[in-house]
Amino acid sequence: MSHDRVVITGMGIVSAIGHDARSNLRALLEERSGIAPITRLSTRFRGEIPAGEVQLTDDALGALAAPSSMRGWTRTALLGLAAIKEAIQQSGIEHRSPRVGLISATTAGGIDKSEPIYTRFFEEDPPDEVRQYIGTHDPGEHAERIARELGMSGMVTTISTACSSSANAMILGTRLIRAGLLDAAIVGGADALCRFTVNGFNSLMILDREPCRPFDRRRAGLNLGEAGAYLVIEREDLARARAARSLAVVSGFANTNEAFHATASSPDGEGALLAMTRAIQKAGLTAQDIDHVNVHGTGTLNNDSSEGKALMRLFSDAVPPFTSTKSFTGHTLGAAGAVEAIYSALALMEGAHFATLRFAEPLDEAPLTPVLRSSTGHRIRHVLSNSFGFGGNNTALVLSAP
């Protein structure tokens, strides 16, 4: 049996610009960036490289997420738990049902805790900290831990496809619901900042030493960020039966794998174009129906050039208003697709176009100007949200007004 209409009924988010969905929306509308020099993470780049840090200590984040015990909880898992609890509360879903799944995404998992202690694992009598956290090195551990904490009994799985991870979690959840294998799913992702990712991206020479400038001709790279972001998606008929409010419809989606390069997009945007085109087709729409685009927009030389060309190939000279919200949060890696799906749903709900911060001059090869000031009162029916990952794993989602 097919259940084609899948709706969003709950959203939860903890990011550098707010610790719930309402505060994130307020920051977007007030154009308040969360990007600043690193102060919390213990790294030699502290004070030098800007990032979108969640300005909470692990203890404060634990107080927000409120697990039954703090033992063994990584920052990634706490970000996820806090966001999921908010999404469940808004939705009112009975999450303990075996027909409700958890599909979580991450790139680094619990490395924020395992990287300082892994060298001590082989000691004859390793300290308790090692026993607590060595298992969190498995990227799927955070999802299993959260599911146990919440008493979930349905399907639990983890996706890790780099920057497209949590957008792909949304696709998998939607497909499972449409296939009749689940009634609902909690989908999204979480990633905490850690030295592993900061050092890795620094070695690629794509970190900007200033707050990032997506789609600007003088852009110099991305800023990393951390976040937890999750959405409750479910069959529309079941949501209606329990009088739940539908926030948005997951109307289209597509994933393409162009495998152009391990860490770069194809220069002509072929994979991005294919993902966007197929997502729009799956939604039963045309490019002219898209009212707003939340671009991947990392601020790197390669990404913005490639994505800009893909937008021009898809929309010709009628590119709709578009924004890079990474100018607010930084690139939150495995959480990014869900962060931006939430922002896309908020754009639908509020009739809002959000600004792209710090933009000054368009690209020579793709002379496009993003939204420069946040505003509301627009007629927005369909939003396209892009998430393009390393290895050419490109995902596009279409969210529509219910």
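Just so it is clear, none of the values below were taken in a lab; they were calculated from the coordinates. Fair warning: this is a prediction, and the values are worked out from it, not measured in the lab. Virtual Cβ from ideal backbone geometry, glycine too; neighbours counted across all protein chains shown.
Using only DSSP helix segments of four residues or longer, with each worth -39500 (n - 2.57), what per-residue ellipticity at 222 nm results for the chain after dividing by its residue count and rounding to 500? Working shown, then result.
On the way: 13 runs with 131 residues, N = 402.
Helix contribution divided over all residues of the chain: -9500 deg cm²/dmol.
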**Report entry** Where only alpha carbons of region 53-158 are counted, the Rg and the Dmax (Å)
**Finding:** 14.5, 48
**Report entry** Backbone HN-Hα couplings from phi across region 276-282 [Karplus 6.51/-1.76/1.60, Hz, Gly and Pro as x]
**Finding:** 5, 4, 5, 5, 5, 4, 5
**Report entry** Cα gyration tensor, region 117-215 - rounded (a/c under 1.5), prolate or oblate
**Finding:** oblate
Query raised in the report: What is the Cα coordinate range of the chain on the first, second and third principal axes, sorted by size from largest, in whole angstrom?
Result: 66, 52, 38
Query raised in the report: In a solvent-free Debye calculation with one equal scatterer on each Cα, what is log10 I(q)/I(0) for region 191-278 at q = 0.17, 0.20, 0.22 Å⁻¹, listed in the order of the q values?
Result: -1.02, -1.12, -1.16
Query raised in the report: Sequence-distant or interchain residues sharing an amide H contact under 5 Å with Phe215, placed H: which?
Result: Gly299
Query raised in the report: In 10 Å bins starting at 0, how do the alpha-carbon pair distances of region 244-342 split up by percent?
Result: 14, 46, 35, 4, 0
Report task. Rounded to the nearest Å, what's the spacing between the alpha carbon centres of region 12-31 and region 75-94? Just the number, please. Result -> 15 Å
Query raised in the report: Non-local amide H neighbours of Leu224 (under 5 Å, H modeled in plane, Pro and chain starts lacking H): which ones?
Result: Gly52, His331
Query raised in the report: What are the residues whose amide H is under 5 Å from the amide H of Val156, where those residues sit 5 or more places off or on another chain and H is modelled from the backbone?
Result: Leu102
**Report entry** the chain: relative contact order in percent, alpha carbon pairs under 8 Å with at least 6 residues between
**Finding:** 23 percent
**Report entry** Rounded to whole Hz, the Karplus (6.51, -1.76, 1.60) HN-Hα couplings of region 329-345, x for glycine and proline
**Finding:** 9, x, 8, 8, 6, x, 8, 4, x, 6, 3, 7, 5, 5, 5, 5, 5
Report summary line: Rounded to two decimals, the Rg over Rh value of region 280-324 from Cα coordinates and the Kirkwood Rh reads 0.98
Query raised in the report: How far apart, in nm, are the 7 Å Cα→Cβ label points at Asp128 and Arg218?
Result: 5.4 nm
Report summary line: Whole-Å distance linking the alpha carbon centroid of region 238-305 with that of region 151-182 is 17 Å
Report task. Kindly provide the trypsin sites (Lys or Arg not before Pro) of region 224-257 that DSSP labels as loop, not H, G, I, E or B, and whose Cβ sees at most 16 other Cβ atoms within 10 Å. Result -> Arg242, Arg245
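Going by a ≥ b ≥ c, the root eigenvalues of the Cα gyration tensor, does region 276-402 fall in the rounded group (a/c under 1.5), the prolate group (a/b larger than b/c) or the oblate group?
On the way: a/c = 1.21, a/b = 1.15, b/c = 1.05.
Here region 276-402 falls in the rounded category.
Would you please put 168-179, 62-73, 281-292, 221-232 in order of how densely packed they are, using the mean number of other Cβ atoms within 10 angstrom per residue and starting with the highest? Numbers along the way, then the final one.
Details: 168-179: 22.9, 62-73: 15.2, 281-292: 16.8, 221-232: 30.8.
So the peptides 168-179, 62-73, 281-292, 221-232, ranked by packing, come out 221-232, 168-179, 281-292, 62-73.
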**Report entry** Listed residue (Ala105, Gln55, Gly284) projecting farthest to the positive dipole end of the chain, Cβ model
**Finding:** Gly284
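Restricting things to Cα coordinates, could you compute the convex hull volume per residue of region 7-241 in Å³? List each step's numbers first, then the result.
Details: hull volume 32.7 nm³, N = 235.
That works out to 139 Å³ per residue.
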Requested in this report: Give a residue-ordered list of calculated ³J(HN,Hα) values for region 149-154 (Karplus: 6.51 cos²θ - 1.76 cosθ + 1.60, θ = phi - 60°; whole Hz; x for Gly, Pro).
Outcome: 4, 8, x, 6, 10, x
